[in-house]
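Trainee: Can you read through this structure? Questions will come right after.
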Amino acid sequence: MRTAFITELIRLAEVDEKIFLVVADLGFSVVEPFAEKFPDRYLNVGIAEQNMAGLAAGLAMEGYSVFIYSIGNFPTLRCMEQIRYDICYHNLPVRIVAVGGGYAYASLGPSHHATEELGMLRIIPNLIVSAPADPYEAAAVTRLMSRHSGPCYIRLGKAGEPVISRVEQPAELRVGQILPIVTREGATAVFSTGSMLKYVTDFLNENGIQASVYSFPFVKPMDKEVLTELFNRYRTIITIEEHQRNGGFGSAILELLHDAIEAGTLIKEPTIKRIAINDTFYSKAGSQDYLRSIAGLTLNLDLFKTEDL
């Protein structure tokens, strides 16, 4: 995903001289092509993420379209005050890009796990929160956010993620769009955000499960009209995310379900089953798949017992 991001950013910067990239001592072997091509619109601030956020706000006030880039939790959790006051309060066009969301840097331990930031960021006013699932979504979100007039967050995976097979997906996304990945007749759907999508599609295909799958590139906002249609269509909805159970993607789905009930727009109320990280730090090192496994980020056949397998 990070390669798709930087490739798209270079293409955009070729036609938009206001695009500026700031990194925090990170991105080696990734950002060099941008730095070489646009040296006057690139800055490495060193290990100073809070300063990076403030500097980006200043550049945006001077008319630049700014992207700041670092490892998952460093441009987010470390900079929460600067994101709230410097960037979002002033509604500035700063794009906070975190590479290595979830357990992508699992081998480096909890200090490098980005598993709380979606919940913390989605409650800040003016901020769009996105978590692309693959290189297709990463490039599309980058294009969309480069044109957006306010702040946004883009959570990327690490590297090497494949494009998930899609049929007739739009060339361009709109903010809040929900993407149908697999639509099958049945009573169950899986809602996935971020890089869990490949695991979901592989699991369903390997087990012959007739369930629909939807990708949510945006955790905030979501298309409420489409979401209400999905609530009315399925009896059971499974949400899956590489994030803490509290406050994340599944919580956002439950909130919007409640809003639809309150608005009287539901024909029926689906059962929501959430798969997310429990209220726990996992102080173990290993692969991303290993951390996902011990954190319980796995599907099982019992979840689909309403389906004819």
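Trainee: Taking GLU206 and the conditions (1) within 18 Å of the chain's Cα centre (by Cα); (2) more than 25 Å from SER107 (Cβ to Cβ); (3) not hydroxyl-bearing (Ser, Thr, Tyr), which numbered condition does it fall short on, given that it satisfies the others?
Mentor: (1)
Trainee: Name the pairs: first residue in segment 182-204 and surrounded by fewer than 24 Cβ atoms within 10 Å (Cβ to Cβ), second residue at pLDDT 95 or above and of a type in the set (Lys, Arg), Cβ to Cβ under 6 Å, at least 6 apart or on different chains?
Mentor: Going by the 6 Å Cβ cut-off, the qualifying pairs are ALA187/ARG235.
Trainee: Please work out which residue is farthest from LEU256 (Cα to Cα), limiting yourself to segment 146-163 and to residues that are within 14 Å of the chain's Cα centre (by Cα) and surrounded by 24 or more Cβ atoms within 10 Å (Cβ to Cβ).
Mentor: Applying the filter and picking the extreme gives GLY157.
Trainee: If we keep just the residues of segment 58-104 that are surrounded by fewer than 21 Cβ atoms within 10 Å (Cβ to Cβ) and basic (Lys, Arg), which is nearest to PHE5 (Cα to Cα)?
Mentor: So the residue we want is ARG78.
Trainee: Still on this model: Filter segment 120-145 down to the residues that are part of a helix (DSSP H, G or I) and either surrounded by 20 or more Cβ atoms within 10 Å (Cβ to Cβ) or among the aromatic types (Phe, Trp, Tyr) (or both) and list them by number.
Mentor: In the first step, residues of segment 120-145 are kept if they are part of a helix (DSSP H, G or I); the result is 120-121, 135-145.
Within segment 120-145, LEU121, PRO135, TYR136, GLU137, ALA138, ALA139, ALA140, VAL141, THR142, LEU144, MET145 qualify.
Trainee: I would also like to ask the following. Taking segment 114-142 as the search range and keeping residues that are β-branched (Val, Ile, Thr) and touching a helix residue (DSSP H, G or I) at 6+ places or on another chain (Cβ under 9 Å), which one is farthest from VAL175 (Cα to Cα)?
Mentor: Among those residues, the one meeting the criterion is ILE124.
So that you can scan it fast, the table gives a plain yes or no per residue for (1) among the acidic types (Asp, Glu); (2) assigned to a helix (DSSP H, G or I); (3) outside the structural domain of ALA140 (by TED's automatic domain parsing):
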| position | (1), (2), (3) |
| --- | --- |
| VAL163 | no, no, yes |
| LEU173 | no, no, yes |
| GLU185 | yes, no, yes |
| SER195 | no, yes, yes |
| TYR199 | no, yes, yes |
| ASP202 | yes, yes, yes |
| GLU206 | yes, yes, yes |
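Trainee: Further question on the same structure: Applying the selection to segment 9-53, what residues are under 25 Å from GLN82 (Cα atoms), touching a residue at least 40 places away in the same chain (Cβ under 8 Å) and assigned to a helix (DSSP H, G or I)?
Mentor: Residues satisfying the conditions are LEU9, ALA53.
Trainee: Okay, next question. Would you check which residues across segment 234-280 are among the acidic types (Asp, Glu) and either surrounded by fewer than 18 Cβ atoms within 10 Å (Cβ to Cβ) or out of contact with any helix residue (DSSP H, G or I) (no Cβ under 9 Å at 6 or more places or on another chain) (or both) and list them?
Mentor: GLU255, ASP259, GLU262, GLU269, ASP279 - these are the residues of segment 234-280 that are among the acidic types (Asp, Glu) and either surrounded by fewer than 18 Cβ atoms within 10 Å (Cβ to Cβ) or out of contact with any helix residue (DSSP H, G or I) (no Cβ under 9 Å at 6 or more places or on another chain) (or both).
Trainee: Restricting to segment 254-309, what's the tally of residues that are assigned to a helix (DSSP H, G or I), under 22 Å from the mean Cα position of the chain (by Cα) and either closer than 20 Å to GLU116 by Cβ or not aliphatic (A, V, I, L, M) (or both)?
Mentor: Total meeting the criteria: 9.
Trainee: Okay, moving on. Taking PHE34 and the conditions (1) within 30 Å of HIS243 (Cα to Cα); (2) hydrophobic (A, V, I, L, M, F, W, C); (3) under 24 Å from the mean Cα position of the chain (by Cα), which numbered condition does it fall short on, given that it satisfies the others?
Mentor: Failed condition: (1).
Trainee: Now for a separate question. Keeping to segment 140-167, report how many residues are modelled with pLDDT under 95 and either in contact with a Ser or Thr (Cβ under 7 Å, 6 or more places away or on another chain) or on the phi > 0 side of the Ramachandran plot (or both).
Mentor: 5
The values are calculated or read from the model by the stated rules, or taken from the named source; none is laboratory data. Since the model is a prediction, treat every value here as computed from it, not as a measurement. As a convention, Cβ positions derive from the backbone with ideal geometry for all residues, glycine included, and neighbour counts pool all protein chains shown.
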